[in-house]
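Worksheet for the structure shown next.
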Amino acid sequence: MTKKTLNQNAKYFQRLIDTIEPDFVFVNKSINRFKIVKNNNNNVNQNKSERLSDLKKQINSIENCNLKDNSKNFIMGEGDINSPVMLIGEAPGATEDSSGLSFQGDVGALLNKMLLAINIKREKVYSTYSINFRPPEDRKPTSQEIKRYSIFLKEHISIINPKIVILMGSTAMETVTGLNNKISNERGKWKEIILKNKTFPLMITFSPSYLIRFPENKKYSWEDLKKIRQKIQDLNIKI
């Protein structure tokens, strides 16, 4: 009588499978072993809000600052922190300093009209200032003050991470780009700034407060606004 040889390896293998997963099924379909992590907008917003809060504390901790010592309010920024468009003005005026809000009164009304002219509602952008405190007597910030706040403003841009940055006024231009030429020579031209290995397109234009004083230059601002609108279309930005 011949004994049948048992395949002990096959027996143990089957027992192992049964122990690990009784309903284990073999299929020919390939397995996706890459874990897909969905973007959580709430976490992104929370992270931005926390970083903005930390930045605000840093700016508020500045010592021996004539701007800070003579202002009523610290104005950080307002609007949609996830907006693809970041608008940067020069510095708060008396109305903004009293209210604690950016671009108020006649300046705010003109800014609203300028944005609506290119089909953008102001609440859809994020707006801030180059200098977070009102300069005494609304004077132009000094070069030393601009350099001091430039560090904070560039970090501000990195946090908001916009697709387009609009610089309104010579102070905004100098704070972000370092240029101290006449704004009339630099406006209307697309420029770039690299922050933390990321490139941000910039458009320099006149500030609303300047246009109120010199309304004959509104025609130039309109040309700048049309270029901004075109860039938004070219980059397929939804706003």
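The values are calculated or read from the model by the stated rules, or taken from the named source; none is laboratory data. These figures come from a predicted structure and were not determined experimentally. Quick reminder, even Gly has a Cβ in these numbers, built from the backbone with ideal geometry, and neighbours come from all protein chains shown.
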Does Glu155 qualify as being buried (at least 16 other Cβ atoms within 10 Å of the Cβ), in a helix (DSSP H, G or I), within 20 Å of the chain's Cα centre (by Cα) and modelled with pLDDT of 95 or more?
yes
In region 220-239, anything modelled with pLDDT of 95 or more, of a type in the set (A, V, I, L, M) and in a loop (DSSP other than H, G, I, E, B) is listed as Leu235, Ile237
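Search region 181-217 for residues being of a type in the set (A, V, I, L, M) and surrounded by 11 or more Cβ atoms within 10 Å (Cβ to Cβ), and hand back the single one that is farthest from Met86 (Cα to Cα).
Kept after step one, since they are of a type in the set (A, V, I, L, M), are these residues of region 181-217: 183, 193-195, 202-204, 211-212.
With the extra rule that they be surrounded by 11 or more Cβ atoms within 10 Å (Cβ to Cβ), the set shrinks to 183, 193, 195, 202-204, 211-212.
On the way: Ile183: 19, Ile193: 14, Leu195: 15, Leu202: 10, Met203: 11, Ile204: 12, Leu211: 20, Ile212: 22 Å.
Of everything passing the filter in region 181-217, Ile212 is farthest from Met86 (Cα to Cα).
Among what's in region 57-66 and is part of a helix (DSSP H, G or I) and either at pLDDT below 95 or β-branched (Val, Ile, Thr) (or both), pick the residue that is nearest to Ile151 (Cα to Cα). Give the derivation first.
As a first pass, look at region 57-66 and keep what is part of a helix (DSSP H, G or I): 57-60, 66.
Now drop any that are not either at pLDDT below 95 or β-branched (Val, Ile, Thr) (or both), which leaves 59-60, 66.
Working: Ile59: 10, Asn60: 14, Asn66: 18 Å.
That would be Ile59.
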List every residue pair whose Cβ atoms lie under 6 Å apart, where the two residues are 6 or more positions apart in sequence or sit on different chains, the first residue falls within region 127-140 and is free of Cβ contacts under 8 Å to residues at least 40 places away in the same chain, and the second residue, located anywhere, is assigned to a helix (DSSP H, G or I) and of a type in the set (Phe, Trp, Tyr).
none
Subset of region 83-116, residues assigned to a loop (DSSP other than H, G, I, E, B), in contact with a helix residue (DSSP H, G or I) (Cβ under 7 Å, 6 or more places away or on another chain) and in contact (Cβ under 8 Å) with a residue 40 or more places away in the chain, comes to Ser83, Glu90, Ala91, Gly93, Phe103
Quick check, is Asn119 touching a residue at least 60 places away in the same chain (Cβ under 8 Å) and either of a type outside the set (A, V, I, L, M) or in a helix (DSSP H, G or I) (or both)?
yes
Considering Leu153, Leu235, Leu167, Leu195, which residue is closer than 29 Å to Asn70 by Cα, out of contact with any strand residue (DSSP E or B) (no Cβ under 6 Å at 6 or more places or on another chain) and in contact (Cβ under 8 Å) with a residue 12 or more places away in the chain?
Leu153
Please go through (1) within 23 Å of Met114 (Cα to Cα); (2) exposed (fewer than 14 other Cβ atoms within 10 Å of the Cβ) for Ser170 and return the number of the only condition it doesn't satisfy.
(2)
